[in-house]
Amino acid sequence: MNILIINGPNLNLLGTRDPDVYGKDTLPDIQTELQKQYPDHTFSFYQSNVEGELINRIQDAMKNDTEALIINPGGYSHTSVALRDALDAVTFPKVEVHLSNIHGREEFRDRSITGAVMNGIITGFGKHSYALGVEAIERLNLS
């Protein structure tokens, strides 16, 4: 299965930005672990701090052989109607993930407008949120 994993703003700072909240693993660490844990899947990884670039990558995925999407939209989860609309157009399985428990943090993080158009949201399991996202995608494909 070809799975695209998109990471939004500030996720390039993983490992150094608020390690007590987001953990000490870097984005490349998480990517390497996923590839080892799921050798039967092909992963494409993309990270951008720019909203429009994230939207373009989602739209490109709809034109190629991408079969599933896992996205950590970062702060755009709570603010970006444009990103939500791009995700809404995706017809293959899609799961939103967050490293921290967005419901246990500041009040403005409690609502994910992007999550409303996803098959599901996994939040609060640190780097394991990504592996749980892959598990969710696998289960969605079995349905």
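For the range 77-94, a tally of residues being among the small types (G, A, S) and crowded, with 19+ Cβ neighbours inside 10 Å returns 3. Cβ-Cβ contacts under 6 Å between residues 6 or more apart (or on different chains), taken from a first residue in the range 131-142 that is closer than 20 Å to E33 by Cα and free of Cβ contacts under 8 Å to residues at least 60 places away in the same chain to a second residue that is among the β-branched types (V, I, T) and not in a helix (DSSP H, G or I), are listed as L132/I122; A136/V95. Picking from residues in the range 1-35 that are in a loop (DSSP other than H, G, I, E, B) and among the β-branched types (V, I, T), the one that is modelled with the lowest pLDDT is T16.
The values are calculated or read from the model by the stated rules, or taken from the named source; none is laboratory data. Source: prediction; values computed, not measured. Note that we place each Cβ from the backbone using ideal geometry, even for glycine, and neighbour counts take in every protein chain shown.
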